[in-house]
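Q: Here's a structure for you.
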């Protein structure tokens with residue numbers, strides 16, 4: 001039997017599985033985010049009821065991490081800072097007493113051995129149920145397309161429209177569109193990661209010999225490295241999608 005479990009009800013063993021699944025799901029560049037380091041623990045502490053897990057026989061199958069926030073402007077005005085903005089906005093709203101009217105999806109992860117079984121759809125449906133139950137106005141997600149890292153030099157605008165026959169090429173975009181989501185816009189600075197040249201050399205496991213754009217394993221876009229100023233910057237493009245109110 002598969003159970004839906006909130007973060008506050010996880011066992012110690014399940015929390016370890018959860019942490020391992022996050023490490024396994026993302027490339028190292030994402031795990032280096034300073035925004036995640038500063039804010040993530042507060043997501044779990046402030047909003048355990050919005051961290052939903054699918055568990056069977058004490059094993060995590062998948063989970064969705066979400067955050068409530070306040071958003072009253074048009075969807076077209078969602079900021080290009082995307083994921084970073086949403087994480088900070090939800091935490092800051094909570095700490096300043098601003099009541100939420102929107103649920104933001106931070107990530108949906110299915111463990112590798114359980115991919116392709118429809119669990120991501122189950123988790124999104126549960127989030128949509130929560131939105132309806134609470135009476136939120138919006139459900140928004142800055143999605144990270146699954147296969148975009150295979151085409152780091154391709155503009156996101158072009159990638160969105162890639163097709164295999166009649167189907168959208170990227171499976172994560174397909175999943176959301178088939179689930180009723182609407183693409184709102186590209187958030188071109190959704191995640192911001194920066195560091196010294198040594199930081200980037202360690203991440204790429206090679207020496208950087210010239211300034212300019214460089215490809216980093218798992219990144220959706222190239223990283224710009226400036227040798228003269230000993231600094232490199234990565235802005236990850238994501239895609240804002242919105243689910244209609246049920």
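Q: Could you quote the convex hull projected area for region 95-171, Cα atoms only and averaged over all directions, in nm²?
A: Mean projected area of the Cα convex hull: 7.9 nm².
Q: If you take the C-alpha gyration tensor of region 19-113, multiply each eigenvalue by 5 and take the square root, what semi-axes do you get, largest first, in whole Å?
A: Whole-Å semi-axes of the equivalent ellipsoid: 25, 16, 13.
Q: Listed highest first by mean packing, meaning other Cβ atoms within 10 Å per residue, what order do 91-103, 185-197 come in?
A: Descending mean neighbour count gives 185-197, 91-103.
Q: Order these peptides, 16-27, 105-116, by their mean beta-carbon neighbour count within 10 angstrom, highest first.
A: Ranking, from highest mean packing down: 105-116, 16-27.
Q: Next question. Between residue 96 and residue 153, what length in nm is gained on full extension when 0.36 nm per residue of separation is reduced by their alpha carbon distance?
A: 16.5 nm
Q: Rounding to the nearest 10 and keeping the result within 0 to 90°, find how far the Cα-based axis of helix 119-134 lies from the longest principal axis of the chain.
A: Computed tilt is about 60 degrees.
Q: I'd like the orientation of helix 34-46 relative to the chain: the angle between its Cα long axis and the longest Cα principal axis, in ° from 0 to 90, rounded to 10.
A: In the chain, helix 34-46 runs at an angle near 10 degrees to the longest axis.
Q: May I ask you to order 54-61, 216-223 by the average number of other C-beta atoms within 10 Å around their residues, highest value first?
A: 216-223, 54-61
Q: Related question: Provide, as a two-decimal number, the C-alpha radius of gyration of region 24-70 over 2.2 N^0.38 Å, N being how many residues it has.
A: Rg over 2.2 N^0.38 Å, computed on Cα atoms: 1.34.
Q: I would also like to ask the following. If you project the alpha carbons of region 127-230 onto the principal axes, what extent comes out on each, in Å, largest first?
A: 52, 37, 20
Q: Given the convex hull over the Cα atoms of the chain, what projected area results after averaging over all orientations, in nm²?
A: 14.4
Q: Which value, in Å³ per residue, describes the convex hull spanned by the Cα atoms of region 193-246?
A: Taking only Cα atoms, region 193-246 has a hull volume of 88 Å³ per residue.
Q: Moving on to the next point. Note down the nm distance, to one decimal, between modelled labels 7 Å out along Cα→Cβ at residue 194 and at residue 37.
A: 1.4
A short reminder: the numbers here are calculations on the coordinates, not readings from a lab. Worth saying up front: this structure is predicted, and the values here are computed from it rather than measured. FYI the Cβ positions are ideal-geometry reconstructions off the backbone, even for glycines, and counts take in every protein chain you see.
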